[in-house]
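S.K.: One structure is given below, represented as structure tokens, and several questions about it will come after.
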Amino acid sequence: MSVLNFIIESVKPIVEKYNLILYKVENVKEYGMNIYRVIVDNELSFDIDIDDVAKVNQELLDIVNDSLPDDAYLEVTTLGIEREIVTPKDYEKALNHYIYVSTYEKIEGTNLKEFYGDLLQVNDDEIMILVNIKVRKKEITIKKEKIAKIRLAVKF
């Protein structure tokens, strides 16, 4: 069994123990380091306790440490605070969250291609966000096909 497959099989019961899901396991080279990256997620919300991530890391390391190549590093992480919204489930979880949207073309009535605001509604074809444009709150509807990028955003 390859190291990658051994990590995948070993981490599954650990993430379940902490009510997390296994999003992806990958082997990458970064800055000359061989990294086995385990990405975990919360199926129901975007809230992940960093202590739980650290516990998953330690428990997994205890199991796979002897199987890792000498030049390898194990990393357990999340998709991050400004994670992309990709799947229909991501869109549902993002409702009422502050997001960033960039579009391929300017959205009619705004003359803008970038928006920060609260995701109010989502359906199969479009989203509605509440944005501030020139100190006025405005609800903007954007067709999903016009979205170049959509992610959670941090509100300052």
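S.K.: Could you tell me which of ALA54, SER10, ILE81 has its Cα farthest along the dipole of the chain towards the positive end, charges placed at Cβ (Lys, Arg +1; Asp, Glu -1), taken about the Cα centre?
M.R.: The Cα lying farthest towards the positive end belongs to ILE81.
S.K.: Between ASP125 and GLU16, 0.36 nm times their residue separation minus their Cα-Cα distance comes to what?
M.R.: On the way: separation 109, 0.36 × 109 = 39.24 nm, distance 3.31 nm.
Stretched out fully, the ASP125 to GLU16 stretch lengthens by 35.9 nm.
S.K.: Apply the Karplus parameterisation 6.51 cos²θ - 1.76 cosθ + 1.60, with θ equal to phi minus 60°, to every residue of region 83-91 and state each ³J(HN,Hα) to the nearest whole Hz, in sequence, with x for glycine and proline.
M.R.: Per residue, the Karplus-derived 3J(HN,Hα) values read 5, 6, 9, 10, 8, x, 5, 4, 4 Hz.
S.K.: Here are some values of volume of the Cα convex hull per residue in Å³: (i) 126; (ii) 143; (iii) 203. Which one was computed from this structure?
M.R.: Matching the structure shown: (ii).
S.K.: Here is a further query. Longest segment of the chain with no trypsin sites (Lys or Arg not before Pro) in a DSSP loop having at most 12 other Cβ atoms within 10 Å?
M.R.: Values: sites that count: LYS134, LYS155.
The longest uninterrupted stretch comes out as 1-133.
S.K.: In addition: What is region 88-152 by shape, rounded, prolate or oblate, if you read a ≥ b ≥ c off the alpha carbon gyration tensor as root eigenvalues and call it rounded for a/c under 1.5, prolate for a/b larger than b/c, and oblate otherwise? Working shown, then result.
M.R.: Values: a/c = 1.77, a/b = 1.26, b/c = 1.41.
Taking the square roots of the gyration eigenvalues as a ≥ b ≥ c, region 88-152 is oblate.
S.K.: Then there's this: Once you place label points 7 Å from the Cα toward the Cβ at LEU95 and LEU112, how far apart are they in nm?
M.R.: Label at LEU95, label at LEU112, 2.4 nm between them.
S.K.: Please list, short to long, the whole-number percent of alpha-carbon pairs of region 3-77 in consecutive 5 angstrom bins beginning at zero.
M.R.: 3, 16, 31, 24, 15, 8, 2, 0
S.K.: Follow-up question, since we're still on this one. Please go through region 1-89 and write out the GluC sites (Glu not before Pro) that DSSP classes as loop and that have at most 13 other C-beta atoms within 10 Å. Show your work: numbers first, answer last.
M.R.: Values: sites: GLU9, GLU16, GLU26, GLU30, GLU43, GLU59, GLU75, GLU82, GLU84; in loops: GLU43, GLU82.
Counting only loop positions with at most 13 other Cβ atoms within 10 Å, the GluC sites (Glu not before Pro) in region 1-89 are GLU43, GLU82.
S.K.: Relative to the longest principal axis of the chain, what angle (0 to 90°, nearest 10) does the C-alpha long axis of helix 50-64 take?
M.R.: That works out to roughly 30 degrees.
S.K.: Per residue of region 124-141, in order, report the coupling 6.51 cos²θ - 1.76 cosθ + 1.60 (Karplus, θ = phi - 60°) as ³J(HN,Hα) in whole Hz, putting x for Gly and Pro.
M.R.: Here the 3J(HN,Hα) series is 4, 10, 8, 10, 10, 10, 9, 10, 9, 10, 6, 6, 10, 7, 9, 8, 10, 9 Hz.
S.K.: If you fit an axis through the alpha-carbon atoms of helix 3-17 and take the longest principal axis of the Cα set of the chain, what angle between them do you get, 0 to 90°, nearest 10?
M.R.: Helix 3-17 and the main axis of the chain meet at about 70 degrees.
S.K.: Students often check this: by mean Cβ neighbours within 10 Å, which of 125-133, 66-74 ranks highest, and how do the rest follow?
M.R.: Details: 125-133: 15.8, 66-74: 11.4.
Per-residue Cβ counts within 10 Å, averaged per peptide and sorted highest first, yield 125-133, 66-74.
S.K.: Counting only DSSP beta bridges with both residues in region 3-77, tell me the antiparallel percent, nearest 5.
M.R.: On the way: 9 of 15 bridges.
Looking only at bridges with both residues in region 3-77, the antiparallel portion is about 60 percent.
S.K.: Could you give the length gained by full extension between LYS55 and VAL3, i.e. 0.36 nm per residue of separation minus their alpha carbon distance, to one decimal place?
M.R.: Numbers: separation 52, 0.36 × 52 = 18.72 nm, distance 2.04 nm.
Net length gain for the segment: 16.7 nm.
Read the figures in this text as sums done on the coordinates, not as results from a lab. Model, not experiment: these values are computed from the prediction. Note that each Cβ is placed from the backbone with ideal geometry, even for glycine, and that neighbours are counted across all protein chains shown.
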